[in-house]
Every structure is written in structure tokens, then in C-alpha cells.
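Data block below; observations after.
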Amino acid sequence: MEEEIIKKYELLLIFVPDISEQNLKTELDEMREFLQKNTKGIFHEDAWGLKELAYQIKRFPQGYYVIFYFNALPEQIAEIRNAIRINPKLIRNLLIILPPDYEIKKYELEAEKKELPKEEKKPKKPKEMEEKAEEVVAEIEKKTVEEPLLKGETKEEKLEAVEKTLEDILENPDIKLK
Amino acid sequence: MTAGRSKKPCGLCKYNVKYIDYKNLKLLRRFLSQYGKIVPKYYSGNCLWHQKRVAHAIKLAREAALLPYIK
């Protein structure tokens, strides 16, 4: 059986975020040339750019993501792994075999934030309550300022006022007394 | 766990999904718990074939720093 078995592969690379744009271009060009020599052909390339990582890798919170899709023989992959291992600008790499039916799709990476419509209803209620509260407080203040509880200047008049208030309290049906 | 088994069918078998990509974070986030752990089969309703592939894809995404190990 001399038929060559060609398989599809996917290579994901994460670069250091401190790189300048020129250095990035040179690195990507070198990888492309290397892959085109040692493999059967690249059929797609995807560069995501700077992206936040889910956890820190070597104290870096972000990284440059680049993906290569190519066809290759299974014997050529050992050389690719050796070349990636030595490069000091790479933080992570992932080599994956793809099924022969694979179609390239674009996926959304960031989670959509759900809007909270409930927050709009809350500020209406406390405003109405505040307005009512202010009116009630104003009425109470008017009453307390104009009418002192005990009228009269001399002791006798004050005692009569106290007796009157006591009678009002005892006769009031709303107030419960033992 | 096995006594109170839920009867809902596999949600991925319904749409006949054959390959689960590790970049498909929208699908994978459905099978993660509040703290970022993989949800077990009896909870999500997956069949064994799909559960293994979902777990493998989540582990690849964790290594590629697209999903966290722990929140």
C-alpha cells in the first residue's frame, strides 16, 4: 500500500503580548514559510489579535491568538513540534487532528451580557413615596409648631389643661386602656 | 442518583451533532457549573457518546486559556 494518507490538522499559537507589530509580522511569515515547506498546503489562516486569557500564563494577562489549518502527512509533524518548542515568543500551542468532513466556521468568543430590564421599575416607586412622605412631614411640623401641648402661663391654668387632656384620652374609644 | 433518573433525551442527539469544536464556547458554557466544573451526565441529560466529546472539548479549551479551570 503506497498510498499517502493525508490528514487535516489545526494549529493554535499564542504569542507574548509585548511584541511590536513588526516582530509579529516577521514571526508569522517565518511560520508560514516553514509550514509551506514541510506540509502539503495551508488552506486557511485565522488571526484573532489581542485577547484576554482566562488565567495568567507566565504573568501575562493577554495574548495574540493565531490559528493555521493545513494538510500534512503524519511523518512531517515531528519536525513541526520541534520548531515550535524552541521559539521563546510562544506561550502555548495546540495541535489537533480534524475529521475529513470539517468545515471552517466562525464562532463568537465573548459571552453576551444580558440586559436587566427590572432596574427601570424600581426608581419610580421610591420617588412617589418620598413625595408623599415629605407632604406628611410638612403637615406634622405645622401642627407641632403652632399648638403647644400645655397652654397657659400660671400653674393653675396648666393643671386645668392637663386634666382636659386626660379626660380626652379616657373618653377616646380608639385608645385601649387596662 | 440512578433511582431518580430523568427521562429527558440527549439534547445533542436530537440535532445529530457529530463534531464538537473546542472554540464553540457558546455551546460548551451550557455544560459548565457556576464554578467552572464539568456537569455530570445525569444532570445535563447527555448520552455517553456526546458527554465524552464535550468533556474532551472543554479540557482542550481550558488548556488554550479560553475557559477557566476554576472561577
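When each of B:Leu12, B:Leu28 is tested for being within 14 Å of another protein chain (Cβ to nearest Cβ) and in contact with a helix residue (DSSP H, G or I) (Cβ under 8 Å, 6 or more places away or on another chain), the lone residue that passes is B:Leu28. Taking every residue in region A:81-107 that is closer than 12 Å to A:Leu12 by Cα and more than 11 Å from chain B (Cβ to nearest Cβ) and pairing it with any residue that is in a loop (DSSP other than H, G, I, E, B) and modelled with pLDDT under 90, at least 6 positions away or on another chain, yields no pair with a Cβ-Cβ distance below 7 Å.
Filtering region B:27-48 to residues that are open to solvent by 30 Å² or more (accessible area, probe 1.4 Å) and more than 11 Å from the chain's Cα centre (by Cα) leaves B:Gln34, B:Tyr35, B:Tyr42. Against the condition at pLDDT 90 or above, within 13 Å of another protein chain (Cβ to nearest Cβ) and surrounded by fewer than 17 Cβ atoms within 10 Å (Cβ to Cβ), how does A:Glu33 come out, does it pass? It is false that A:Glu33 is at pLDDT 90 or above, within 13 Å of another protein chain (Cβ to nearest Cβ) and surrounded by fewer than 17 Cβ atoms within 10 Å (Cβ to Cβ). Could you tell me whether A:Glu10 is among the acidic types (Asp, Glu) and under 16 Å from B:Leu60 (Cβ atoms)? Spelling it out, A:Glu10 is indeed among the acidic types (Asp, Glu) and under 16 Å from B:Leu60 (Cβ atoms). What are the residues in region B:36-71 that are in a loop (DSSP other than H, G, I, E, B) and under 30 Å from A:Leu90 (Cβ atoms), if any? If the condition is that a residue be in a loop (DSSP other than H, G, I, E, B) and under 30 Å from A:Leu90 (Cβ atoms), then B:Gly36, B:Lys37, B:Ala64, B:Ala65, B:Leu66, B:Leu67, B:Pro68, B:Tyr69, B:Ile70, B:Lys71 are the ones that fit.
In the set A:Asn23, A:Asn38, which member is of a type in the set (S, T, N, Q), open to solvent by 20 Å² or more (accessible area, probe 1.4 Å), in contact (Cβ under 8 Å) with a residue 60 or more places away in the chain and closer than 24 Å to A:Arg81 by Cβ? Let's see the steps before the verdict.
Values: A:Asn38 fails: in contact (Cβ under 8 Å) with a residue 60 or more places away in the chain.
The match here is A:Asn23.
Residue count for region A:90-125, restricted to those that are open to solvent by less than 40 Å² (accessible area, probe 1.4 Å) and at pLDDT below 85: 1. Of the residues making up region A:72-87, one or more are within 22 Å of A:Ile104 (Cβ to Cβ), open to solvent by less than 70 Å² (accessible area, probe 1.4 Å) and assigned to a strand (DSSP E or B).
Hey, does region A:8-17 have a residue that's open to solvent by less than 40 Å² (accessible area, probe 1.4 Å) and free of Cβ contacts under 8 Å to residues at least 40 places away in the same chain? Can you show your working first?
In the first step, residues of region A:8-17 are kept if they are open to solvent by less than 40 Å² (accessible area, probe 1.4 Å); the result is A:9-17.
Filter once more, so that each one left must be free of Cβ contacts under 8 Å to residues at least 40 places away in the same chain: none.
The answer is no, given that none of the residues of region A:8-17 is open to solvent by less than 40 Å² (accessible area, probe 1.4 Å) and free of Cβ contacts under 8 Å to residues at least 40 places away in the same chain.
Residues checked against (1) modelled with pLDDT of 90 or more; (2) touching a helix residue (DSSP H, G or I) at 6+ places or on another chain (Cβ under 6 Å); (3) of a type in the set (Val, Ile, Thr):
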site: A:Glu2; (1), (2), (3): no, no, no
site: A:Leu13; (1), (2), (3): yes, no, no
site: A:Thr26; (1), (2), (3): yes, no, yes
site: A:Pro61; (1), (2), (3): yes, no, no
site: A:Tyr64; (1), (2), (3): yes, no, no
site: A:Ala78; (1), (2), (3): yes, no, no
site: A:Pro88; (1), (2), (3): no, no, no
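Selection over region A:16-46 of residues that are touching an Asp or Glu at 6+ places or on another chain (Cβ under 7 Å) and part of a strand (DSSP E or B) gives a count of 0.
Being within 14 Å of chain B (Cβ to nearest Cβ), out of contact with any helix residue (DSSP H, G or I) (no Cβ under 9 Å at 6 or more places or on another chain) and either open to solvent by 70 Å² or more (accessible area, probe 1.4 Å) or under 25 Å from A:Glu103 (Cα atoms) (or both) is the requirement here; does A:Glu52 meet it? Yes: the conditions hold for A:Glu52.
The residues of region A:90-112 that are touching a helix residue (DSSP H, G or I) at 6+ places or on another chain (Cβ under 8 Å) and of a type in the set (Lys, Arg) amount to a single one, A:Arg92. A single member of B:Lys59, B:Lys71, B:Lys23 is within 14 Å of chain A (Cβ to nearest Cβ), of a type outside the set (A, V, I, L, M), crowded, with 17+ Cβ neighbours inside 10 Å and within 25 Å of A:Gln62 (Cβ to Cβ), and it is B:Lys23.
The values are calculated or read from the model by the stated rules, or taken from the named source; none is laboratory data. Given the structure is predicted, the values throughout are model-derived calculations rather than measurements. Cβ coordinates were reconstructed from backbone atoms using ideal geometry, including for glycine residues, and neighbour counts include every protein chain displayed. The protein model used for the area step is the full one, side chains on, heavy atoms only, and it has no ligands, DNA or RNA in it. Shrake-Rupley method; radii C 1.70, N 1.55, O 1.52, S 1.80 Å.
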